[in-house]
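The numbers here are math on the coordinates, done by the rules we state, and not lab data. For clarity, every value in this text was computed on a predicted model and none was experimentally measured. When we count neighbours, we look across all protein chains shown, and the Cβ atoms used for this are built from the backbone with ideal geometry, even at glycine.
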Amino acid sequence: MALTDRSSARPPLLLLVSCFLCAASSFPRDLQAISVLDESGDFPAFQSLLQDNRTRRLGLHFQGMTRVNRMLFITARDHVFAVNLTTAAEAFVPQMTLTWRAADVSKCAVRGKDGDECYNYIKVLVPRDDETLFVCGTNAFNPACRNYKTSTLEQVGSDLPGQARCPFESGQSNAGTFADGDFYSATVTDFLASDAVIYRSLGDGRPVLRTVKYDSKWLREPRFLHAVEYGRFVYFFLSEIAVEYTTLGKVVFSRVARVCKNDNGGSPRVLDKHWTSFLKARLNCSLPGESLFYFDVLQSLTGVLQINGRPAVLAVFTTQANSIPGSAVCAFYMDDVEEVFSGKFKEQRGGDSSWTAAPEDAVPRPRPGSCAGDGPAADFKSSVDFPDETLAFVKSFPLMDGAVPAVNRRPFYTRTASGSKLTQIAADVSAGPRKERAVVFLGSEDGRVAKVLVATLPHDTSGSRLLEDIDVYDPDKCDLGVREEDRRVLGLELDKEHHALFVAFGSCLVRVPLSRCGRHGACKRACLASRDPYCIWLRTGRCADTAPGFKAGFEQDIEGDHSNMAACAADISATSRDREMAADSAYGKPPPTAAAG
């Protein structure tokens, strides 16, 4: 059963403070890292085309990264870089580079925009099919899109308008994905960023559709995070100003919205050329107690993964900007999402500011938000045939009353008393030689990455563990400026096949190995006590990184008590450790030690 929204009507800061005080005895303490790594100099890094004086002077200005097969595509200002993941360990340099600069920056300057925005920031890079990438850029406040060959980055066809597919400036959020030949985008449609939209276009068999314009019940100052195709729907994950809490000021809630892929829009009378299936629900990432302690602001999330054998997404949340600083990692089962969308609708009663669940007898048939030809709407061939009552209801009440509960009804990991806020997440839900462990990597505002072994099962009493706290940002390689936000982790991309995590900052990307097991050398106690699923104790008497398919000739004990094992000499030099890691890595080759670029 989905959890209902149990927030009180008090301002968010007072609510969080009182909740913190009433639950102080049971409030989780921040986990202490088993291993802390403050030496980032050995990690390979990429800044930009350093041989290009203009690019070197302007910097990278990272916008995003997308993995397609064995290539990592990095979008930046005026450029797309393609890095071969197979060779990135030896030389972190692009194999292909696409340069796409704005054709006319004069119009951008005339509009009074800052000179730093009068470039082409590449905000969209989405595989269109097996051979084509769909790429869009801000183009000096005149968004444009192109198709490129994935294998060569050669342009295919002519330029396309970018409006409603790409934002106008680098700081604006967007999300997009292709599903059944249609491009589903979430961004802003105008120069002033006053019209946020979820939009479908580019398909051959479906009409162009959008959300209702300037309707705060549909979208209110959203920040779009992710779009994913799943089953009959496309889902959008976002945070926005909660329209149901307007009396308390601008309170941010996190949402999941969905639309049917076969939506054809409404009738000429109601929702013509607009979604008929758009619904949204709150994501509940909170600590249980007499009063729930909410982490309301969605920062980053994964695609659909398997958690406890069920499809789910993992996400990072933070608290409200004016509240106690804190971050949390929550997961959500997709069938719990579906259950909430099958539940009650939330409505505002007349001129009253209060929002309550709409009575069932007020919900028309077929059920608003249904997909034509399926379930409650099985008798309707197309959404254009829906009764006006159904269309009018979903236009006025797209918000669900229930909130999607987190897996196990609580976060997997929290950080409230120490460290900076978390910003990004990447997850390996089949870590270790037996592929039975879940490890999440969490980027933060201060340039560090936390590696957490998460306990996903409700009966797992061992709890989650903070395995490593890694300082990834290297000012010598990333051109540290005077701004503190330069250290903020902007993206994480997992390359499990090559045992690597790519960490993105505004000015550089850093390639970090998933583990550093060789540091434990010949100390079995330290190797096992690291509790790292990527570390194994070899019969040769050394600790090594496990490789895919490595099934025999090793020991690993994640839960065990290693305090009674023999202690090891603590004076192994870093050089010795590096040699041991090179000699005994299960990958059969030494890890990278020199930075490229």
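Restricting segment 82-169 to GluC sites (Glu not before Pro) that sit in a DSSP loop and have at most 16 other Cβ atoms within 10 Å of their own Cβ leaves Glu90, Glu131, Glu154. Loop-located trypsin sites (Lys or Arg not before Pro) in segment 262-293 (DSSP state other than H, G, I, E, B) with a sparse environment of at most 15 neighbouring Cβ atoms within 10 Å: Arg269, Lys273. Put simply, the amide H of His274, placed in the peptide plane, has neighbours under 5 Å in Arg210, Gly266, leaving out anything fewer than 5 places away on its chain.
Taking the helices alone, the chain has a mean residue ellipticity at 222 nm of -2500 deg cm²/dmol, built from -39,500 (n - 2.57) per DSSP H run of at least 4 residues and averaged over all its residues. Neighbours of Leu98 by Cβ distance under 10 Å: Lys/Arg scored +1, Asp/Glu scored -1, total -1.
With a/c under 1.5 counting as rounded, go ahead and sort segment 207-309 into rounded, prolate or oblate using the C-alpha gyration tensor (a ≥ b ≥ c being the square roots of the eigenvalues; past the cut-off, prolate if a/b is larger than b/c, else oblate). All intermediate terms of the calculation are to be shown ahead of the outcome.
On the way: a/c = 2.54, a/b = 1.35, b/c = 1.88.
Verdict is oblate for segment 207-309.
Residues in segment 436-445 carry Karplus couplings, in order, of 10, 10, 10, 10, 10, 10, 10, x, 10, 6 Hz; the curve used is 6.51 cos²θ - 1.76 cosθ + 1.60 with θ = phi - 60°, and Gly or Pro positions show x. Using Cα centres only, tell me the gap between segment 336-410 and segment 202-234 in whole Å. One Cα centre to the other: 16 Å. Taking a ≥ b ≥ c as the square roots of the eigenvalues of the Cα gyration tensor, an a/c ratio of 1.5 or more together with a/b no larger than b/c marks segment 290-378 as oblate. Projecting the Cα atoms of His226, Pro207, Ala281 onto the charge dipole of segment 192-316, computed from C-beta unit charges around the Cα centre, puts Pro207 farthest toward the positive end. When +1 charges are put on Lys and Arg Cβ atoms and -1 charges on Asp and Glu Cβ atoms, the dipole computed for the chain relative to its Cα centre reaches about 100 debye. Close amide-amide hydrogen proximity is noted between Val68 and Phe73, each under 5 Å apart and 5 or more residues distant or on a separate chain (H modeled in the peptide plane; Pro and chain starts excluded). Karplus-derived 3J(HN,Hα) values for segment 213-228, using 6.51 cos²θ - 1.76 cosθ + 1.60 with θ = phi - 60°, are 6, 6, 10, 5, 6, 8, 8, 9, 6, x, 10, 7, 10, 7, 10, 8 Hz; glycine and proline are entered as x. Normalised by the number of residues in the chain, the mean separation of alpha-carbon contacts (under 8 Å, six or more apart) gives a relative contact order of 14 percent.
Restriction of the trypsin sites (Lys or Arg not before Pro) in segment 492-550 to DSSP coil positions whose beta-carbon has at most 10 other beta-carbons within 10 angstrom yields Arg539.
Considering only Ser353, Ser106, His459, the residue lying farthest towards the positive end of the dipole of the chain is Ser106, judged by Cα position with unit charges set on Cβ.
Distant-in-sequence amide contacts of Phe92, defined by a placed amide H-H separation under 5 Å and a gap of 5 or more residues or a different chain, comprise Ala596. Taking the longest Cα principal axis of the chain as reference, the axis of helix 12-22 is set at about 50 degrees. Each of Asn174, Leu192, Thr152 was placed along the dipole of segment 118-192 (beta-carbon charges, centred on the mean Cα), and the one lying farthest toward the positive end is Leu192.
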